[in-house]
Amino acid sequence: MADALTHPLTFNLPPDGSMLALDAYRAGGGYQGLEAARATAPAAITEQVKASNLRGRGGAGFPTGLKWSVLPMGPSARRPKYIVVNADEMEPGTFKDRLLMEQNPHLLLEGIAICARAVEAEMAYIFLRGEYTLAATRLRQAITEAEAAGWTEGFRLHLHTSAGRYMCGEETGMLNALEGKRANPRTKPPYPGISGLWGKPTVVNNVETLCNVPGILAHGVDWYRGLGRTADGGTKLYGVSGRVQHPGLWELPMGTTVGEILDLAGGMRPGLKLRGLLPGGASTEFLTPEHLNVAMDFSAVQKAGSRMGTGTMIVLDDQACPVGMTANLTHFFARESCGWCTPCWSGLGWADRILQAMERGEGNPGNIEKLEFLTGFWGPGATFCALAPGAAEPLLSAVKYFRADFERHIVEHRCPYEGWDA
Amino acid sequence: MLTEAEQHEIEAEAAHYPERRAVAIDALKIVQQHRGYISDATLTEVAVFLGLTRAELDGVATFYNLLHRKPVGRNVIWICDGVSCWLTGYGRLRRQLEQRLGIQEGETTADGRFTLLPIVCLGACDHAPVCMVNDDLHHDLDPAADPDRMNKLLEPYR
Amino acid sequence: MPKIHIDGRSYDVAPGQNLLEACLGLGFHLPFFCWHPAMGSVGACRQCAIKHFKDEADAKANGGRLVMSCMTAAEEGIRISVDDPQVVAFRASIIEGMMLHHPHDCPVCDEGGHCHLQDMTVMTGHNYRRYRFSKRTFRNQYLGPLINHEMNRCIQCYRCVRYYREYAGGADFNAFGISDHVFFGRERDGVLENEFAGNLVEVCPTGVFTDATLKQHYTRKWDLRWTPSVCPHCALGCNTSPGERYGTVRAVFNRYNSAVNGYFLCDRGRFGYEYLSSPERVTLARQRRDGVRADLTPEAALAQLTQAAAGVAADPPGRWIGIGSPRASMESNFALRQLVGAERFFAGVEAHEWELDTRIAAILRQGAVHSPSLGEVERCDAALVLGEDLTQTAARMALSLRQAMRQQPLREICDPLKIPHWLDHAAREAIQGEHGPLFLATTAATKLDDIATHTWRAAPDDVARLGYAVAAALNLDQDTAGTVTAEWRAAAAEVADALLAAERPLIVTGVSSGNRGQIEAALAIAAALAVRGKHPAVSFVLPECNTLGLALLGARPLPEGMDMVRFGLAHGAIVVENDLFRRAPAEEAKAFLAQLDQHGGHLVVLDQIRHATADAAELLLPAAGVTEGSGTLISSEGRAQRFFTVAAPTPNRAESWSWLEAAQGHTPALDDMVAQLCALVPELEPLRQAAPPATLRLAGQKVARETHRFSGRTSIDAAIEVSEPKPPVDPDAPLSFTMEGYAAQPPAALIPYFWSPGWNSPQAQLPYQQRINAPLRGGDAGVRLLEQVAGSQFPCAGEPPPRFEPKAGRWLIIRLYHLFGSEVLSGLGRAVGSLAPDAYVALNPADAERAGLKEGDAVRVEPDGRRGYQVPLRLLPELPVGVAGVPAGFAALDGAGLPHWGTVTAEAPHA
Ligand SMILES: Cc1cc2nc3c(=O)[nH]c(=O)nc-3n(C[C@H](O)[C@H](O)[C@H](O)COP(=O)(O)O)c2cc1C
Ligand code: SF4
Ligand code: FES
């Protein structure tokens, strides 16, 4: 049975997809975490979150408690301090924060309120992607309810809806967007915890990350760490999309294996075979059927040569074109490049054009090597932010695992899967 | 001049930020909501209202993809071209829409009823393929499963 | 001094630098784009990549980590590699990436030959194009007559937008769009509004922004003949390098001087040179006899001048007077003074202004006040400006002040956060809109208002009173001006506190308001600050390139000279580089000329441009302007700087001093003039060091004005003469007119252009510096004449002026300044002239309404006792009630002795 102690994020979501209203949320133990936090000293809250091993669910897995502890505290701290909730969810194949915000907005608000107390923030912004109109409506409703009930005491909360761009999800690009500017990323260091929104100390956390916090405060660190199957604590929203029987999203113990999650999705659609999968959104490396036993947590997936990312996997079957899929992903990254650093704006466009040409049957010998070169060109350390290195991950791994397909495109001067989506 | 309603909505947003220029994007979204798109004249009005230059505001307007600097139809169809939709019928859906509307992605129908635009993954991958018409998300749209679905769905958008 | 390790060798570097700066300073050829020495690092282009090793073991085991040198501090013990094969390859691929969409149009690109992108391409070794798809293309914009736009050449380094918006404070420019199609320009076509837009030409590392005036007569950089020069278009003395070919100046480039202009010029200084080809130029000597004008050969002209000079000597003292000029060199003024005698040498400066000029010279002479260099202005951390609209009157100082106002927040906000000041965007984000304390008390709005802590608009006298109030607030024990203090108590306290709290407080004032009180107030504030243990700097902004020089040389006020003619005491006048109609009320100038004529007197004018005085001259001689001759100018800082002949000499023109010397039978020689000058005016002695003497030889050679790639040498005159002519010789400079000459770095005053192997673009200024942003090796150009003298007494500041009282139906007519148009020479240029405003009179809207006038009305502005003029009315909201403004440079009123009371009335038809 799913309950607050096994599925703290989703246990009481209404099955009809409607929003868990404040009463129902309270009835399920909601805002108990905040109550506990109010009885705890700010620094001690951060300590608990640190001890819980909660790692950021936005994709990078940065330890949340550590992030909070960077903020200057006490009367001499620069103020106001800000919380920015990353609700931009634009990573292709990712659909987890949407569920939380549409159905369980109070959980997020409770997480924010606890964070605000822990870091003594005066103001929190929820940075929501503009297309999430339903989430916006429900968050507004929840904010009104929570404010009326006094759950946002001590800080102010505002829902900001974005005007679109993947770069807004990058935490410093997001700060620029919130300030009404072009969403180019910012120099790090200084990290936002030191100099963030309007140059003030700022916490940036993902929606799911913050949704994990109330449970930690309500039920304790040990409970939380016990939830996961591996060292990374808690549960995780895992999703599957692509041509599987039952695409979907499930809250499971951290460290559930790839195979188990695929089983929940009912395996592949009839007649299709698993070719590969991106474990956690578009900017992760492909895994293959041999990786079914890999535990989906931050370290195990990394060991397998990929990243858990957002934990929402995209499945490639044997009848869709891997080159086409890579082209689709690369096109996305190229289109969304903010245009700030040279490897990204120039290299992604170049790779995009090569892949499109390949798909049209206009690939040339040497193209694969060019693609490999380009992924190094915009790899980690080479670019200003993580967008382009993220783009390198699926491309480079696709070339590695599906090299023969790339070669056939070039040699045969056509897409060998032509008509697969007719 | 911005209408009173527009000004009012912008001011309401502005109250949440420590400085006025922060509402640049919100303001553009608000006037676009009222006017369909952001014409040069509109851009100027918003700029004046916020105390920014046109260059400052247009630098922002041209960055974000939900802001239209060119006229669009009365309804905007955003087809998700994210990878999950791509795998599950985006191609079919797009071809169907292009045929039905007689336009390519990026264009507006002659009667000004629809504009067809691509959009980044809409975060509904478990119900791919999807599209958004104006503010409404529509999912499970693979024409291979139900060829008539899209046609019916577009009916109410006049 | 941190020790850093580069590819296994150790180096000591200056503290507080990033690795790119350190490496460049050590002479490494490390490529870069987005970093700019004045603008710091943002890490966008990724061109400056190097390898960073944690320690020696890391170097061996893991091969280190790729980092951007511009984003990494050169900290003690850091280990890096510049030569690591991986980073070498990476740097080449960055160029490849930038070049995907670059049009490769070097042969037709104005930047070709001084292009940073070309240099970096060669430096990184990228040489083969692998991209096979079509390039993105853009539409170019019309950005005005100064700057050309060719967007397809863009490599998206963001330097332009950072410079224009963040550094220069412009708002009508931006980056638009994203990804690989970011567009840099205006929101729509139109003239760039910022007064420093011209620097885009040098800031842009490729040919997107190029000099539109150069395009009118284009020449490659390597085909230009360059000469070290000084900008003649205001008093700040920015160092320039004009480039010449076929006898005409083609463009003016910045010449680095860490103490003055650094890397940037204002647009007047960069583009003003076009006046040299204006139709108003005096190109041939001319005589006027009985109303008939005739051109003269140079020989005939000299003969006539010789006759006049003989007359000067023969006449009993006083029969001839000389009128000098603040836009003529020290040498020319001095030569004239020598010829006519100090008692008969008059300042060609409007009388009221002259009083202020000489007062400032006296103050500076006394040695109590420290007059800062522009470099120091840029480092001040609190400033009060009294009465100067700096962007229009001393533009380059406004740019410096804009940077200065970041000092205090950098210190207070960034230092505790450990954000290095060169980490530009991080620093800007931490600081946000914070500015150091800048207080502007002026009569009209200024373009520094956006960064001012507080602005006050008041009539000139009231601005002065505010200044006095500040002094009183600082003067704890003696409230010298109780009534003044009461009026401005709050304001004065705010300013006083800020100046006291600062480490390097600055007070700026000048003569543009025509208000003595402002100068005295500045003095009183400085004196009070000194008493409080501070070391204030005071910048006195003067109007012309040698105003201070003329004042230091000494001359009698112009009206006294005119009186001598009026009373028949003099019957001849030699006017050097001046138009009396801009220096005295038109009626008086006219009367002066008429009286000369009546008495059968003589008028000799030497000038480079025509004007009413020149037209009236009996003998008019073409005087060489700054780019056509040599001489010394003294900037308002008190810095003596030498300029040298850019164009090869022609017999048809010579410096005024040279004409005058020749006419006395002397062999004109600049160094002789300088020696005589220093001998006679001991105070000017250091001026001798402004530049090395003409006899200097470096390794036995002169310094070459032409680049070693100069082409066409043997054929350049083939149309005239097939044999290669003997190169011209410049007797007054250790500079040759050819490409032969000393190849290494000469003393700063003699650097004609910046070039070193691998560096053809303006970035070539860097290898000449001691380290990045430091003085040039061997010291910057110019020599300061008026240093503070320990223990000197502050001159007594005098009483504050009475409060300004508006008068019904009458206005105090003042001058308003315009970068384009208020200065005579540049205003004659094609492009600058086209940007100058037409004459107008400005009133406060309330005043206008009371007078029943509205914007655009034809009105008559008439200073009391002077001729009136019909001009259109402009409304200027921030102008105080009771004050009317006319543009400085409006010839008809330039000599009217403004500020002056007068009337502004609706122009009755045919009144
Ligand atoms: C290009 C790019 C896009 C990103 N988009 C998102 C996003 O949509 N949502 C998100 O939570 N994190 C996103 N991230 C990660 C954030 O930068 C950041 O790591 C995260 O918000 C931190 O929150 P967490 O520690 O709670 O995970 C993105 C990162 C990059 C480089
Ligand atoms: S990698 Fe570079 S261009 Fe790409 S999004 Fe990040 S900063 Fe912008
Ligand atoms: S110069 Fe260092 S990243 Fe551009």
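The values are calculated or read from the model by the stated rules, or taken from the named source; none is laboratory data. Since the model is a prediction, treat every value here as computed from it, not as a measurement. Neighbour counts are summed over all protein chains in view; Cβ atoms, including those assigned to glycine, are modelled from backbone coordinates with ideal geometry. Accessible surface areas use protein heavy atoms only, side chains included; no ligands, DNA or RNA. Shrake-Rupley method; radii C 1.70, N 1.55, O 1.52, S 1.80 Å.
Antiparallel versus total DSSP beta bridges in chain C: what percent is that, nearest 5? The antiparallel proportion sits near 55 percent. Heavy atoms of the protein chains alone define the surface here; on that basis the protein assembly as shown has 34 Å² accessible area per residue at 1.4 Å probe size. Restricting the calculation to Cα atoms, region B:74-136 shows an Rg/Rh of 0.96 when the hydrodynamic-style radius is the Kirkwood one. A straight Cα-to-Cα reach below 29 Å connects residue C:590 with none of the lysines, residues fewer than 8 places away in its own chain not being considered. Over all other residues within a Cβ to Cβ distance under 12 Å of residue A:89, the charged ones net out to -2, with Lys and Arg as +1 and Asp and Glu as -1. In this structure, residue C:171 and residue C:830 have a Cβ-Cβ separation that, at R0 = 22 Å, corresponds to a calculated FRET efficiency of about 0.25. Here residue C:483 and residue C:807 are evaluated by their C-beta separation; at R0 = 22 Å the FRET efficiency comes out at 0.60. Based on DSSP, what percent of beta bridges with both residues in the protein assembly as shown are antiparallel, to the nearest 5? In the protein assembly as shown, DSSP labels about 50 percent of beta bridges as antiparallel. For the chain pair C and A, buried accessible area totals roughly 3300 Å², probe 1.4 Å, rounded to the nearest 100. So which chymotrypsin sites (Phe, Trp or Tyr not before Pro) in region C:556-622 end up in coil per DSSP with only 16 or fewer other C-beta atoms within 10 Å? Filter output for region C:556-622: C:567. Under 5 Å from the amide H of residue A:156 lie the amide H atoms of A:123, A:124, each residue being 5 or more positions distant or on a separate chain, with H modelled from the backbone and absent for Pro and chain starts. Cross-link partners for residue C:221 among the aspartates and glutamates, with Cα-Cα distance under 13 Å and sequence neighbours closer than 8 places in the same chain left out: C:110, C:111, C:202, C:211, C:244, C:706. Using a probe radius of 1.4 angstrom, the carbon and sulfur fraction of the accessible surface of the protein assembly as shown is 53%.
When the listed pairs A:181/C:854; A:81/A:236; B:29/C:418; A:236/B:70; C:60/C:135; C:418/C:534 are checked against a 31 Å cut-off, the alpha-carbon distance exceeds it for A:181/C:854; B:29/C:418; A:236/B:70; C:60/C:135.
Shielding by partners for peptide A:173-186, expressed as the average number of C-beta atoms from other protein chains within 10 Å of each residue's C-beta, is 6.
What fraction of the DSSP beta bridges in chain A is antiparallel, stated in percent and rounded to the nearest 5?
Approximately 40 percent, going by the DSSP bridge assignments.
Using θ = phi - 60° in the Karplus curve 6.51 cos²θ - 1.76 cosθ + 1.60, the 3J(HN,Hα) couplings for region A:241-253 round to 9, x, 8, 9, 5, 10, x, x, 9, 9, 8, 9, x Hz; x is entered for Gly and Pro. For chain A, the longest principal axis of the Cα atoms and the long axis of helix A:322-336 meet at an angle of about 50 degrees. Helical runs assigned H by DSSP (4 residues or longer) give chain B a calculated mean residue ellipticity at 222 nm of -12000 deg cm²/dmol, each run adding -39500 (n - 2.57) before division by the residue total. Which of A:17, C:722, A:420 sits closest to the plus end of the dipole of the protein assembly as shown, meaning its Cα is farthest towards the positive end, when Lys and Arg get +1 and Asp and Glu get -1 on the C-beta? Value computed over the given set: C:722. Against the main long axis of the alpha-carbon atoms of chain A, helix A:42-52 sits at an angle near 40°. Straight-line cross-link reach from residue A:273 at under 20 Å between alpha-carbon atoms covers these lysines, not counting any fewer than eight positions away in the same chain: A:400.
Restricting the calculation to Cα atoms, the protein assembly as shown shows an Rg/Rh of 1.02 when the hydrodynamic-style radius is the Kirkwood one.
Summing Lys, Arg as +1 and Asp, Glu as -1, what charge do residues with Cβ under 9 Å from the Cβ of residue B:113 carry, residue B:113 excluded?
Computed value for this residue: +1.
Counting Lys and Arg as +1 and Asp and Glu as -1 over every other residue whose Cβ lies under 11 Å from the Cβ of residue A:296, the net charge comes to 0. Which of the GluC sites (Glu not before Pro) across region A:50-135 are loop residues per DSSP, with 15 or fewer other Cβ within 10 Å? Passing both the DSSP loop test and the Cβ count: A:122.
Taking every DSSP helix (H) stretch of at least 4 residues in chain C, weighting each as -39,500 (n - 2.57) and dividing the sum by the residue count yields a mean residue ellipticity at 222 nm of -7500 deg cm²/dmol.
Between residue C:76 and residue C:54, the modelled label-to-label distance comes to 2.1 nm, taking each label 7 Å out from Cα in the direction of the beta carbon.
Listed values for region B:41-47 are Karplus-derived 3J(HN,Hα) couplings in whole Hz (6.51 cos²θ - 1.76 cosθ + 1.60, θ = phi - 60°), namely 5, 4, 4, 4, 4, 5, 4, and x replaces Gly and Pro. Whole-Hz Karplus values for region C:838-855 come out as 6, 4, 7, 10, 10, 10, 4, x, 5, 4, 4, 5, 4, 8, x, 10, 9, 3 Hz, taken residue by residue from phi with 6.51 cos²θ - 1.76 cosθ + 1.60 and θ = phi - 60°; glycine and proline positions read x.
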